[in-house]
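Enquirer: Have a look at the structure that comes next, please.
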Amino acid sequence: MKNEKTKKIKSKKTKPINAWQETAAKFLGWLVQFASIYALIVGIMGWLMPPVQKLISGFLYLFALPTDFSIFNAIVLFILASSIRHRRRLALWIEVIYFQLAFVLFGLIFLLSYWTGYVTKESLELSQFSILSLLFVILGVLVSLGTAFIMILSRHAFPTKIINGTWGKAIIVAIGGFVFSNFFGLIVSYLSFHGSVSLGQRMLYVFRESVSDFRYLLPFGQNLFTYSSGNNIWVSTTISVIMLFGFITAFLMFTRSNQRELSSNAKQELAIRQLILDYGTQDSLAYFATRRDKKAIFSKNGKAAITYHLFGDVLLASGDPIGEEKSWKSAIEAFLKLARAQGWTPAVVGSSEVATKLYTQLGLNATVFGDEAVVLVHDFSTENPGMHDVAQVMRRAERENYQIQIRRQADLSTEELNELTQLTEKWRNGDERGYSMTSSRFGDPTDQQVMIVTATNAVGNYQGILSFVPVGTDKLSLDSMRRAPDAMNGVVTFMITSLIEAGKEKGLSEISLNFAAARQFFINGETLQANPLDKAARTVMKFFSRWYQLESLYRSNDIYLPEWRTRYICYDNGGSLTSVLLAIGQAEGFVPTNIASKIKHFFVRNYDQRIENVWWKKSDFIKKVHQIEEKKRLELMKENTLDDSALQKLNDLKQIGIPAFSLLDTECEAIEILRLKYENTIDFDENEHSIQGKIISLRGRGAMFFADLSDHQSKIQLVLKRDLINDYSEAENRLESFAVWKKDVTVGDRVRVTGVLMRTQTGELSLRVHSWKMLTKTLVELTDDKKDLQATLIKVTAQLSNLRKSLILHDFVEVEPLDFLALSLGFDQVFFVQELKVTVLLAYQSKEKTRQLLNDFVDDEMIIDISDVFPDPALNDTASSALKSALTYGLPAFTMTEITLSQNSSDEGASLNHEKK
């Protein structure tokens, strides 16, 4: 029974919402929002445009919404509209019961009173209530009843429920506000009116005054609460202000969502870090998903996630979803479902164009937020005329003897890391800003792969600190940036430029710098074609740049000539954009948050011992983070099949300054031609010969080495003597010495060598090398198994190629695999190749003639299987489906010959084919 009950509850929660229910919910939100605005401007509209005011008032009257000017009405309706837009079910019931059903009830009472004669026609005329007004009441009852019916049916579009215990708290606050308003109203009555009035009369007066405040909000309220003295403005104002505060507070408690604490945990962060390691190679904001103030929601298969934080009623995510791109949609759907179930406004800041398209497909709107500055390392050069300012900073840093150090956090000692951490706190300018493009931490033991750049002055004092988080294996993204107060101007530029230049040697491809919000306003406003609106927008942005560094962030990044990549804001609807922008301002540190808690903390500093017991500082968690990073490193090495010795030799060449991969700079001779020309020569001249190829063997030690060089057509022995090579390298100022050859040249490398021909004591033709050049440094040795597979592939390919040529020379036509219909088009001799099998089709030929014809050019190793095919489909029950289908088109009688390779070759070729796939 318990399981059945649980299933029923789950099915209730996951009941799908129809499109018309969604439309009805949106319409109700906009209607109440419009009524709240109208409650403030109805007086002005009635003065300026009386016909329009009557039309709008009549329209709202039909839906039982207030139509009179009242600040109390406007505030209550605004809160109610916001709650309806956030799909809180209590707000729906308040709107339906308090407005629609109450209007229907009072309307029916009024109509019943009129029809029974309790309210006479004469009394209505005295109240200026015409028959047309009576018909309008009937129409209003019908419209309100229909609206209530539709909204009750649409209740599943309002899934958000209130917090447990809210009812009691809100009712206490409302009653308290009512009691306090009466109490203080009574006091003000004594102070402002000294007439001979009894206590009971004063209490009745104050009570009726407080109740009369509802006359503009409740349907037919002006008819129900007709009393309002208006003689004592102090009493009425006091009561109205206190009741307004009390009832709005109670109303907010009713309609607010369950704003629970949203933060990360150890299990979640490990899962996020694993997704970043597996898939986070594109989004420069991916690593910032590890912030501890973010919570994550995952796709159904767990291969994608979105991290977010709650700011007020806005559930704010940042960057693109983390993980497999095919699973992004599932993660986004889960994110939106969570937001709407809790009554929160879903929003995203800093999403890329790819993710933004997916967000918009799932119902969100999007607008440009700003641009991210990304430096392409290989295209960067301080010699570019556009980088004059950068080059000037670099020259100044050199004059002042500034030094740079670029290291992974894992390479820093504990003492130095602690010192840098203290300096980052000391040099912090105010509160930490950032949400979407910062981790808000430095020196954390889980961030071992973070790149830290430090600058020191001539006496060795730290002048600047930068940290960059990894993006895959070849990209970085700026995290934190600090400079000493007395550092030279441009120290940050010096550090960034030094990192970019070093990145060319470190194999970096991109470095993401700061984010420039609203950059498009500055760009558009600066052009000659800028219209007045663009210029005005630029002026406004420059004004706000005095406090929020909007223009300075754009200018400081533009000096590196970066590639600007647009980032977007995604939001639920137009009405929520204001609250979303406010939430983004709070997240990025531009708008203060938790003012009340900060004031409380200023006077009362309660220290919570539980703060020290944080999970990210526990050794078990730190160890697990290091384990998954090490595991990923080993996986990458296994995928690339690179051993440490090959990488070491590659790095040795780079450090020496020898390119590991280069093009030929001289014309080379073929080894086979040299052998043919000098095979019988005994005495050689001193003419130089340059050849290139792959080293297939190495031997020797000490001052002499031997190698075999092959260009796949022939091979020749190389003789390398230390003195000869070193003399030539010194004379020609070359880096390729004998020591480098001995240490860093291995089997599989492709080289160009120059020397003179000679014969060894055994009479073997050889090249005495005096200079060499690395063309391609091999990083993976070709094993014997791979050599055998490669040889088999060549053999199989050669057999198939020869067979194809022979068939074509004998007037056979090659067609697509299983194209039997070619026989019906007049082609009597066709063949096709499928996998490692050749199928030959011959029309009107017997098996014997077919065998005689094919024996002339089929190798003995090949296997021939010939069968007769008759045109009658009924006689070919065992034929393939393709052949059966083709026979229905009227094919001629033919022989079908299947030619396969020998069993060994076929098996090896099939194995090789499988490996290639």
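Enquirer: Looking at LEU134, LEU124, LEU145, can you tell me which residue is at pLDDT 80 or above and part of a helix (DSSP H, G or I)?
Expert: Values: LEU134 fails: at pLDDT 80 or above; LEU124 fails: at pLDDT 80 or above.
The conditions single out LEU145.
Enquirer: Within the range 868-917, take every residue that is among the polar types (S, T, N, Q) and part of a loop (DSSP other than H, G, I, E, B) and give me the one that is modelled with the lowest pLDDT.
Expert: That would be SER902.
Enquirer: Determine the pairs where a residue that is modelled with pLDDT of 70 or more and buried (at least 20 other Cβ atoms within 10 Å of the Cβ), located within the range 515-538, has a partner that is in a loop (DSSP other than H, G, I, E, B) and not aromatic (Phe, Trp, Tyr) with Cβ atoms under 7 Å apart, the partner being 6 or more residues away or on another chain.
Expert: Close Cβ pairs (under 7 Å, with a partner that is in a loop (DSSP other than H, G, I, E, B) and not aromatic (Phe, Trp, Tyr)) amount to PHE515/MET437.
Enquirer: Something else: Can you find, within the range 663-684, the residue that is farthest from LEU767 (Cα to Cα) among those that are in a loop (DSSP other than H, G, I, E, B) and free of Cβ contacts under 8 Å to residues at least 40 places away in the same chain?
Expert: Within the range 663-684, the first condition is being in a loop (DSSP other than H, G, I, E, B), and the residues that meet it are 663-670, 679-684.
After this cut, where a residue has to be free of Cβ contacts under 8 Å to residues at least 40 places away in the same chain as well, the list is 667, 669, 680, 683.
Working: GLU667: 17, GLU669: 12, ASN680: 15, ASP683: 13 Å.
Looking at the filtered set, the residue picked out is GLU667.
Enquirer: Looking at (1) touching a strand residue (DSSP E or B) at 6+ places or on another chain (Cβ under 8 Å); (2) surrounded by 18 or more Cβ atoms within 10 Å (Cβ to Cβ), which one does MET387 not meet, given that it meets all the others?
Expert: The number of the failed condition is (1).
Enquirer: Filter the range 479-498 for residues that are farther than 24 Å from TYR435 by Cα, under 30 Å from the mean Cα position of the chain (by Cα) and buried (at least 21 other Cβ atoms within 10 Å of the Cβ) and give the result.
Expert: THR497
Enquirer: Follow-up. Could you check, for the range 53-66, whether at least one of its residues is modelled with pLDDT under 80, crowded, with 18+ Cβ neighbours inside 10 Å and not in a helix (DSSP H, G or I)?
Expert: So far as the range 53-66 goes, yes, one or more of its residues are modelled with pLDDT under 80, crowded, with 18+ Cβ neighbours inside 10 Å and not in a helix (DSSP H, G or I).
Enquirer: Just name the residue that is farthest from LYS742 (Cα to Cα) out of those in the range 680-704 that are of a type in the set (Ser, Thr, Tyr) and at pLDDT below 90. Steps first, answer last, please.
Expert: Within the range 680-704, the subset of a type in the set (Ser, Thr, Tyr) is 681, 690, 697.
Now restrict to residues that are at pLDDT below 90: 681, 697.
On the way: THR681: 30, SER697: 13 Å.
Among residues in the range 680-704 that are of a type in the set (Ser, Thr, Tyr) and at pLDDT below 90, the one farthest from LYS742 (Cα to Cα) is THR681.
Enquirer: Something else now. Within the range 381-422, restricting attention to residues that are of a type in the set (A, V, I, L, M) and within 34 Å of the chain's Cα centre (by Cα), which residue is farthest from GLY460 (Cα to Cα)? Don't jump to the end; show me each part of the working.
Expert: Restricting attention to the range 381-422, the residues satisfying the condition of being of a type in the set (A, V, I, L, M) are 387, 390-391, 393-394, 397, 404, 406, 410, 412, 417, 420.
Those still in the list that are within 34 Å of the chain's Cα centre (by Cα) too: 387, 390, 404, 406, 410, 412, 417, 420.
Values: MET387: 28, VAL390: 23, ILE404: 10, ILE406: 15, ALA410: 22, LEU412: 16, LEU417: 16, LEU420: 14 Å.
So, considering only residues that are of a type in the set (A, V, I, L, M) and within 34 Å of the chain's Cα centre (by Cα), the one farthest from GLY460 (Cα to Cα) is MET387.
Enquirer: Only one of (1) at pLDDT 80 or above; (2) surrounded by fewer than 19 Cβ atoms within 10 Å (Cβ to Cβ); (3) not polar (S, T, N, Q) fails for LEU92. Which number is that?
Expert: (2)
Enquirer: At least 2 residues that are among the polar types (S, T, N, Q) in each: list the strands (runs of 3 or more DSSP E) lying fully within the range 293-360 that qualify. Talk me through it step by step, then tell me what you get.
Expert: Values: elements: 295-298, 304-311, 314-318, 345-351.
Of the strands (runs of 3 or more DSSP E) lying wholly inside the range 293-360, those with at least 2 residues that are among the polar types (S, T, N, Q) span 345-351.
Enquirer: Is there a residue being on the phi > 0 side of the Ramachandran plot, surrounded by fewer than 20 Cβ atoms within 10 Å (Cβ to Cβ) and either touching a Pro at 6+ places or on another chain (Cβ under 8 Å) or modelled with pLDDT of 90 or more (or both) anywhere in the range 300-307?
Expert: yes
Enquirer: GLU816 - would you say it is touching a residue at least 12 places away in the same chain (Cβ under 8 Å) and on the phi > 0 side of the Ramachandran plot?
Expert: Spelling it out, it is not the case that GLU816 is touching a residue at least 12 places away in the same chain (Cβ under 8 Å) and on the phi > 0 side of the Ramachandran plot.
Enquirer: Checking LEU476 against (1) surrounded by fewer than 20 Cβ atoms within 10 Å (Cβ to Cβ); (2) touching a Leu at 6+ places or on another chain (Cβ under 9 Å), which test does it fail?
Expert: (1)
Enquirer: What single numbered condition from (1) over 21 Å from SER467 (Cβ atoms); (2) at pLDDT below 90; (3) of a type in the set (A, V, I, L, M, F, W, C) fails to hold for ALA366?
Expert: (2)
Enquirer: What number of residues within the range 829-863 satisfy the criterion of being over 56 Å from the mean Cα position of the chain (by Cα), assigned to a loop (DSSP other than H, G, I, E, B) and under 22 Å from SER801 (Cα atoms)?
Expert: 6
Enquirer: Look at the range 421-466 and say how many of its residues are in a strand (DSSP E or B) and without any contact (Cβ under 8 Å) to a residue 40 or more places away in the chain.
Expert: So the count comes out to 2.
Enquirer: If you don't mind, another one. Sort out which residues of the range 649-679 are modelled with pLDDT under 85 and of a type in the set (Phe, Trp, Tyr), and write them in order of number.
Expert: Matches in the range 649-679: none.
Enquirer: With the requirement that a residue be out of contact with any Ser or Thr (no Cβ under 7 Å at 6 or more places or on another chain) and in a helix (DSSP H, G or I), what does the range 379-406 give you?
Expert: Those that are out of contact with any Ser or Thr (no Cβ under 7 Å at 6 or more places or on another chain) and in a helix (DSSP H, G or I): ASP379, PRO385, GLY386, MET387, HIS388, ASP389, GLN392, ARG395, ARG396, ALA397, GLU398, ARG399.
Enquirer: I've got another one for you. When residues of the range 281-292 are filtered for being buried (at least 24 other Cβ atoms within 10 Å of the Cβ) and either in the same structural domain as PRO445 (by TED's automatic domain parsing) or part of a loop (DSSP other than H, G, I, E, B) (or both), how many remain?
Expert: Of the residues in that region, 3 qualify.
Enquirer: Show the residue pairs meeting these rules: Cβ distance below 8 Å; 6+ apart or different chains; first residue within the range 727-741 and free of Cβ contacts under 8 Å to residues at least 40 places away in the same chain and in a loop (DSSP other than H, G, I, E, B); second residue crowded, with 19+ Cβ neighbours inside 10 Å and among the aliphatic types (A, V, I, L, M).
Expert: SER737/ILE725
Enquirer: Residues in the range 707-726 that are of a type in the set (D, E, K, R) and either in contact with a Cys (Cβ under 9 Å, 6 or more places away or on another chain) or in a helix (DSSP H, G or I) (or both): how many?
Expert: Here the count works out to 3.
Enquirer: Continuing with this model, one more query. Yes or no: TRP772 among the aromatic types (Phe, Trp, Tyr), surrounded by 19 or more Cβ atoms within 10 Å (Cβ to Cβ), assigned to a strand (DSSP E or B) and modelled with pLDDT of 90 or more?
Expert: On the way: among the aromatic types (Phe, Trp, Tyr): yes; surrounded by 19 or more Cβ atoms within 10 Å (Cβ to Cβ): yes; assigned to a strand (DSSP E or B): yes; modelled with pLDDT of 90 or more: yes.
Considered against the rule, which asks whether it is among the aromatic types (Phe, Trp, Tyr), surrounded by 19 or more Cβ atoms within 10 Å (Cβ to Cβ), assigned to a strand (DSSP E or B) and modelled with pLDDT of 90 or more, TRP772 comes out as yes.
Enquirer: Continuing with this model, one more query. Being buried (at least 20 other Cβ atoms within 10 Å of the Cβ) and closer than 21 Å to ALA517 by Cα is the filter here, so list the residues in the range 322-361 that pass it.
Expert: The answer is PRO346, ALA347, VAL348, VAL349, GLY350, SER351, ALA355, THR356, TYR359.
Enquirer: Something else about it: Given the residues GLU736, GLU686, which is the only one that is in the same structural domain as HIS770 (by TED's automatic domain parsing), surrounded by 14 or more Cβ atoms within 10 Å (Cβ to Cβ), under 16 Å from SER771 (Cα atoms) and of a type in the set (D, E, K, R)?
Expert: It is GLU736.
The values are calculated or read from the model by the stated rules, or taken from the named source; none is laboratory data. None of these values were measured; they are calculated from a predicted model. Cβ coordinates were reconstructed from backbone atoms using ideal geometry, including for glycine residues, and neighbour counts include every protein chain displayed.
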